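*Asks:* Below you will find the structure I want to go over with you.
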Amino acid sequence: MQLASRKLIDRSFTGLSVFSIVLVAGALVIILTPIVGRGMGAVFFRGTVEHRQVQLDLFGHGRGEDIAAEVAAAEEARRQVYVLIAEFEQELADSIRARRQYAEAMEEVKAGLRELLGPFPGETPVLYRERYGQTRWDRAQIKLQRVLYAETYDYSDPTQMGQKVLTPRVEEFAGTSLEPLFTILPARLEEMLRPRPTFYWRFFTNTATADYSFGGIWPDILGTFYLTFWTILFAVPMGIISAIYLVEYAREGNRIVVLVRTCINTLAGVPSIVFGLFGLAFFINTLRVSEGRSVLAGSLTLALLILPLVIRSAEEAIRAVPHTYKEASLSLGAGQWRTIVRVILPAALPGVLTGVVISMGRAAGETAPIIFTAAVSVARPMGLWSGLSEPTHALPWSVYTLCTEHKTVDEIRHVQYGMVFTLVLMVLLLNSVAILLRARISRKLRG
């Protein structure tokens, strides 16, 4: 091949490599930007007096005197709203015609006000999320629009789907004693909710209520960490020992060894949901490592999931160690096992840690295997050792359930993004620790 042709090919491959790196970086930016932006919204937002009241009532955070003064001022600003509602309800009670005309619309207005400002005076709802108004100013703006406008759909064009039409409620209640409400509410909403910039760092340390309406995600963070920790603890030793056997002891071409390698390669491509079903059938129903879902069962299942990756990465790292290292050790009188432990493994450790880093990220983010073996929607924070036989929260599972099964999914959208952001941050943190450890070991090996 001519020199000019080789240079052209080299430049082409260099350009493709640079393009690939830019493409991957751009994809990461596109994916991570909304996650980071909206995820930070769970921590940085304009919190209303309802948020501060929730923090005091449910978690004991904040100064009671200051919050009581704010609540009193907010209630005073809301008093006129409740007076208008009471006067209009009295008119409905006195007139059958007015009751027939306005009763349904009035119930919609009252339902919207309950969501916006909380229960009316004298009401005590059973559910926690109904005992308070909007805790976030952005959500309060959305609820305000639902009070001010009635939603209807126009189906006049049969060739298109129904078009949403917003009709001002003030037109519907024009001429009644309730008409001033639709002017007072938007004008004095800030006085009624008293929003202010909030840094809610306790989102990472508080325990959430059962429906995640209030509180934080500490049990989910803790459960994810425990599952990842025990998974790595189970998978890494087994993976390294298997890799040592395949590289140093197994005979090439042996039928059993070929079968084992085939099984390892096959397991690497098995869908994760299959591992979840296997963990339920084997670890819980057959071995009975726990009475039901537990951290132990989930960790063992995840360990099997990442085991092929750990074996392959460890095997390649061991093969990459120069053969002269082994020859020098054996020539000095060291046995094979001592050579492996004292010479080959330390030299292969940076490569092994690379596989561990990748496996760690996958174990932390898997949802399907823990659906059947470990995760539940309601659990309590637990200890590292005492919680092995108990089910747990986990960030991937909680994100899935909140997005698909929660009744008020739009109300807690910030929690979902906050969980995703925390999971990404947690994986990056765990990977960073492993990468720093790998770099330190590599420097020691280089002397």
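*Asks:* Got a sec? Which of T183, T176, T209 is touching a residue at least 12 places away in the same chain (Cβ under 8 Å) and either closer than 18 Å to R413 by Cβ or of a type in the set (D, E) (or both)?
*Replies:* Selected residue: T209, the only one of T183, T176, T209 that is touching a residue at least 12 places away in the same chain (Cβ under 8 Å) and either closer than 18 Å to R413 by Cβ or of a type in the set (D, E) (or both).
*Asks:* Mind counting the residues in the stretch 404-424 that are over 10 Å from the mean Cα position of the chain (by Cα) and not charged (D, E, K, R)?
*Replies:* The total comes to 6.
Matching residues to (1) farther than 22 Å from V54 by Cβ; (2) in a loop (DSSP other than H, G, I, E, B); (3) at pLDDT 90 or above; (4) of a type in the set (K, R):
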residue: L84; (1), (2), (3), (4): yes, no, yes, no
residue: E91; (1), (2), (3), (4): yes, no, no, no
residue: R99; (1), (2), (3), (4): yes, no, no, yes
residue: E104; (1), (2), (3), (4): yes, no, no, no
residue: R114; (1), (2), (3), (4): no, no, yes, yes
residue: F120; (1), (2), (3), (4): no, yes, yes, no
residue: T124; (1), (2), (3), (4): no, yes, no, no
residue: I142; (1), (2), (3), (4): no, no, yes, no
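*Asks:* State whether the residues of the stretch 214-233 include one that is surrounded by fewer than 20 Cβ atoms within 10 Å (Cβ to Cβ) and more than 20 Å from A434 (Cα to Cα).
*Replies:* The answer is yes; a qualifying residue exists.
*Asks:* Now for a separate question. So which pairs qualify, if the first residue must be in the stretch 76-95 and under 17 Å from L116 (Cβ atoms), the second must be of a type in the set (D, E, K, R), the Cβ gap must be under 6 Å, and the two must be at least 6 apart or on different chains?
*Replies:* A77/R188; A77/E191
*Asks:* So which residues in the stretch 392-415 are within 26 Å of I358 (Cβ to Cβ) and either touching a Phe, Trp or Tyr at 6+ places or on another chain (Cβ under 9 Å) or surrounded by 21 or more Cβ atoms within 10 Å (Cβ to Cβ) (or both)?
*Replies:* Within the stretch 392-415, T392, H393, A394, L395, P396, W397, S398, V399 qualify.
*Asks:* How many of the residues making up the stretch 39-73 are surrounded by fewer than 21 Cβ atoms within 10 Å (Cβ to Cβ) and assigned to a helix (DSSP H, G or I)?
*Replies:* Going through the stretch 39-73 one residue at a time, the tally reaches 15.
*Asks:* Filter the stretch 165-208 for residues that are assigned to a helix (DSSP H, G or I) and among the hydrophobic types (A, V, I, L, M, F, W, C) and give the result.
*Replies:* V170, L181, F182, I184, L185, A187, L189, M192, L193, W201, F203, F204
*Asks:* Please indicate, with yes or no, whether at least one residue in the stretch 373-381 is over 28 Å from H406 (Cα atoms) and not basic (K, R).
*Replies:* For the stretch 373-381, residues over 28 Å from H406 (Cα atoms) and not basic (K, R): absent.
*Asks:* Moving on. Consider L246 against the criteria (1) crowded, with 22+ Cβ neighbours inside 10 Å; (2) touching a Lys or Arg at 6+ places or on another chain (Cβ under 9 Å); (3) over 30 Å from G118 (Cα atoms): it satisfies all of them except one. Which criterion is unmet?
*Replies:* (1)
*Asks:* Could you tell me whether G112 is closer than 23 Å to G216 by Cβ and surrounded by 14 or more Cβ atoms within 10 Å (Cβ to Cβ)?
*Replies:* So G112 fails the test.
The values are calculated or read from the model by the stated rules, or taken from the named source; none is laboratory data. What you are looking at is a predicted structure, and each value in this text was computed from that prediction instead of being measured. Counting neighbours? That spans all protein chains shown, and the Cβs are built from the backbone with ideal geometry, glycine included.
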